[in-house]
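The values are calculated or read from the model by the stated rules, or taken from the named source; none is laboratory data. Here the structure is a predicted model, which means the values were calculated and not measured. In this analysis, Cβ positions are derived from the backbone assuming ideal geometry, glycine residues included, and neighbour counts consider all displayed protein chains. Keep in mind that these areas ignore ligands, DNA and RNA; they rest on the heavy atoms of the full protein, side chains included. Shrake-Rupley method; radii C 1.70, N 1.55, O 1.52, S 1.80 Å.
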Amino acid sequence: MRSLLLLTLACFLCSPALAKPVTGERLLAADRDADNWLSHGRDYSEQRYSPLAEVNAGTVSELGLAWYFETDTRLGLQTTPLVIDGVMYFTGAWNTAWALDAASGELLWKFDPDVARSKSITACCGAINRGLAAWGDLLFMGALDGRLIAIDRSTGQMRWSTQTTDPAEPYAITGAPRVARGKVFIGNGGSEFGTRGYVSAYDAATGEFAWRFYTVPGNPADGFENEAMARAAETWSGEWWRYGGGGTVWDSIVYDPEFNQLYLGVGNGAPHNRRIRSPGGGDNLFLTSIVAVDPDTGEYLWHYQQVPGETWDYTASQQMTLAEIPWEGAPRKVILHAPKAGFVYIIDRATGKLLSAEPYTTVTWASGYDLDSGRPRENPGQDYAGEPAMVFPSAMGGHNWHPMAYSPDTGLLYIPELDMGMLYDEIAPIDYRHLKRHYNTGYEMSHESYSQRFTQAMLRHLPKSHLLAWDPVRQQAAWKLPHPNIHNGGVLATGGNLVFQGTSDGRFIAVQADNGELLWTFEALNSVMAGPVSYRVNGEQYIAVAVGRGGALTMNTGRSYPTGNPNNRIMAFKLGGSAALPATPAAERPAPPPQPEATAADLEQGRTAFNRYCARCHGADVVGDGSIPDLRYLPAVWHENFSAVVLEGLMEQAGMPRFDDVLDSAQVGQIHAYVIARAHEDHALRQEQGWLAAIKDYATDISARVAAWLVRFQVRDD
Ligand code: CA
């Protein structure tokens, strides 16, 4: 009896306090709840604006590291943490979730849903995750394997789980769920692998399925799910359903309580090349659209399509921000959107009507928009029909998933902009081979026409990146802060007239929100991609951000912090904080093994195959970012086991898929020879004096090949 009492008492003492529920009322009032960060974009408006002002333009010089938490992964953190009543919750690679004391960084619990590592094959850009949603005493996470998982917020135990995708299809979830009116909303990704996009809703308490809205039509022979799909199908031609069609909603889903509408940010077509996907033309609804649906039923309400007949991987999946701005003399409730296509779209939330579309970065695919019809004026020749075309923005977009922020104080939208083009070189529709589970674009991704021309694109107009403040009322930039490297992190705006951003060159900075002056810099000792958050515990304001390299652009181009890759971290700052990060190890760069015998033709074959199957993770031209191994610096043991890794799945448990469905041992030999040749090439270049100095203002870590070209062609940034 006494031991039972003690046990009960002990359990009472050891179990965390019951979490105060995140009710619908709390979420509706989240913008005024300065202490907390209750949902992905902080509140339903997704402005990523914290009213906290203790850290401000006058005090930010006193800002210091309060604590850091080191995860056990190096695969990249894209997460936006939630902070609820003094506890921080965040996600990382393979859908691990952590709960920390938000004031001290102390670990409270860790949750690992055991995602099959073979799923990495259909995760386009790493086994990453962008965050959680909260409702009641639960947290929700979309898993790479298509599960929607509910986690007990107090204990970190799984409460329910439901499969939201057909596991046989190449779907993957990386985006944060959203929650409203007792339902959890979740999309998915996988267009390039051959999927058909949709968003599903589930009962938050039980996980019971509520509704599903497909974003592109399926095979008409199977019948259409609803009237919207029947109408959408009239804008397609050919047998698009054989390729999935695409239109995945892989990041932005926004609930608008003022109109009781749910906005879906719909992705690109599958494959990208529209002449393969829909050979008779057509707008291909609802690709690259914002679609408004009823959150209770999933019924279609309205849509606005930004890029009819999308053919450049332009997604409308990027963050949608709700605001009320002065427009033609009256307040107007609008969606602010700066997606891949390079325009800031301002859309009336009541009707879906386009109010403004002005370019925020270099744009060549269209000259502008007709505001009456809402349609772009596409520039001739930019759709790469029969002839390669240099197109801005690139498939990476003028702005990608990295969160932007809007400050109601300054009225400015803060965009992590990317000014970069890419050469699109069509695969003739007759030569196109659809490889489910692999990357399907419909343009050439072999070395000569993809990575080398990617490089050529850089040479003609070097990629640039800015923190860009956009004035939606004047429809123009207010200020631009240039960054030395591309692919920079998400943005936070605060009531302290500050904007915070992490950079790929390893800094975490504070900028004055109204004029763009750089006020404060912290050396993060690794690249930062994620969006920062701000919260308050025990009366003190904190600014926190996830640190870690990875994601599409750094994985493709190797443009990351130039050291070894430390474990990913959360960093939290407060005024007077005095903690310090441990030193980051230098990159290990062992000399490559002897070059195996290979003909020029072998190396060329190896190059083509590498760029088709390996480059999206290990980097074009074998220049990786180190979030997964940079193959130029492979330890000898992996050279000895190269074929077993690629064909037999020797490292499948670590997330390296097997490729025996598309490659044979002769091809793997060619790839290996090419990898070693590239390692020798860059090893030799690194031995040369001075090449790095020639590009020091341009990038911190860049392909030695590009560096050599830059020196050779004496390229100047235009
Ligand atoms: Ca895409």
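List of remarks:
- Qualifying residues in region 173-199 (those that are away from the ligand (no atom under 13 Å from the Cβ) and charged (D, E, K, R)) - the one surrounded by the fewest Cβ atoms within 10 Å (Cβ to Cβ): Arg181
- When region 113-126 is limited to residues that are farther than 18 Å from Glu169 by Cβ and in contact (Cβ under 8 Å) with a residue 24 or more places away in the chain, the one that is farthest from the ligand (Cβ to nearest atom) turns out to be Pro113.
- Condition met for Val363 (under 15 Å from Gln475 (Cβ atoms) and either within 16 Å of the ligand (Cβ to nearest atom) or in a loop (DSSP other than H, G, I, E, B) (or both)): yes
Every residue, every condition in (1) within 25 Å of the chain's Cα centre (by Cα); (2) open to solvent by 10 Å² or more (accessible area, probe 1.4 Å); (3) among the hydroxyl-bearing types (Ser, Thr, Tyr), yes or no:
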site: Lys353; (1), (2), (3): no, yes, no
site: Glu358; (1), (2), (3): yes, yes, no
site: Thr364; (1), (2), (3): yes, yes, yes
site: Asp370; (1), (2), (3): no, yes, no
site: Arg375; (1), (2), (3): no, yes, no
site: Gly386; (1), (2), (3): no, yes, no
site: Met396; (1), (2), (3): yes, yes, no
site: Trp401; (1), (2), (3): yes, yes, no
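- Residues within region 262-273 that are closer than 17 Å to Ser317 by Cα, more than 12 Å from the ligand (Cβ to nearest atom) and either modelled with pLDDT under 95 or among the polar types (S, T, N, Q) (or both), tallied: 0
- Of the residues making up region 366-393, those that are hydroxyl-bearing (Ser, Thr, Tyr) and farther than 13 Å from Thr311 by Cβ are Ser367, Tyr369, Ser373.
- Test for Ala341: is it buried (at least 17 other Cβ atoms within 10 Å of the Cβ) and away from the ligand (no atom under 16 Å from the Cβ): no
- Region 275-288, subset surrounded by 23 or more Cβ atoms within 10 Å (Cβ to Cβ) and either among the charged types (D, E, K, R) or in contact (Cβ under 8 Å) with a residue 60 or more places away in the chain (or both), residue farthest from the ligand (Cβ to nearest atom): Leu285
- Some residue of region 679-695 being crowded, with 18+ Cβ neighbours inside 10 Å, small (Gly, Ala, Ser) and at pLDDT 85 or above: yes
- As a summary of the residue check, Met651 satisfies the conditions (1) out of contact with any Asp or Glu (no Cβ under 8 Å at 6 or more places or on another chain); (2) at pLDDT below 70; (3) under 21 Å from Pro592 (Cβ atoms); (4) among the hydrophobic types (A, V, I, L, M, F, W, C) except for the one numbered (2).
- Against the conditions (1) open to solvent by 40 Å² or more (accessible area, probe 1.4 Å); (2) closer than 22 Å to Glu444 by Cα; (3) in contact with a strand residue (DSSP E or B) (Cβ under 7 Å, 6 or more places away or on another chain), Arg616 satisfies every one except (1).
- Considering Gly92, Gly105, the condition of being in contact with a strand residue (DSSP E or B) (Cβ under 9 Å, 6 or more places away or on another chain), modelled with pLDDT of 95 or more, at positive phi and open to solvent by less than 20 Å² (accessible area, probe 1.4 Å) is satisfied by Gly105 alone.
- So Thr563, is it of a type in the set (S, T, N, Q) and open to solvent by 10 Å² or more (accessible area, probe 1.4 Å): yes
- Verdict on Phe224 being touching a helix residue (DSSP H, G or I) at 6+ places or on another chain (Cβ under 8 Å) and open to solvent by 10 Å² or more (accessible area, probe 1.4 Å): yes
- Flag for Gly246 being away from the ligand (no atom under 16 Å from the Cβ), free of Cβ contacts under 8 Å to residues at least 60 places away in the same chain, open to solvent by less than 20 Å² (accessible area, probe 1.4 Å) and in contact with an Asp or Glu (Cβ under 9 Å, 6 or more places away or on another chain): no
Here's the yes/no breakdown for (1) part of a strand (DSSP E or B); (2) under 29 Å from Trp520 (Cβ atoms):
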residue	(1), (2)
Gln47	no, yes
Asn56	no, yes
Ser61	no, yes
Asp72	no, no
Trp94	no, no
Leu100	yes, yes
Ser104	no, yes
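- Selection of region 201-217 for residues being buried (at least 24 other Cβ atoms within 10 Å of the Cβ) and under 12 Å from Val293 (Cα atoms) yields Ala201, Phe213, Thr215.
- Residue within region 293-314 that is at pLDDT 95 or above, open to solvent by 10 Å² or more (accessible area, probe 1.4 Å) and within 16 Å of the ligand (Cβ to nearest atom) present: yes
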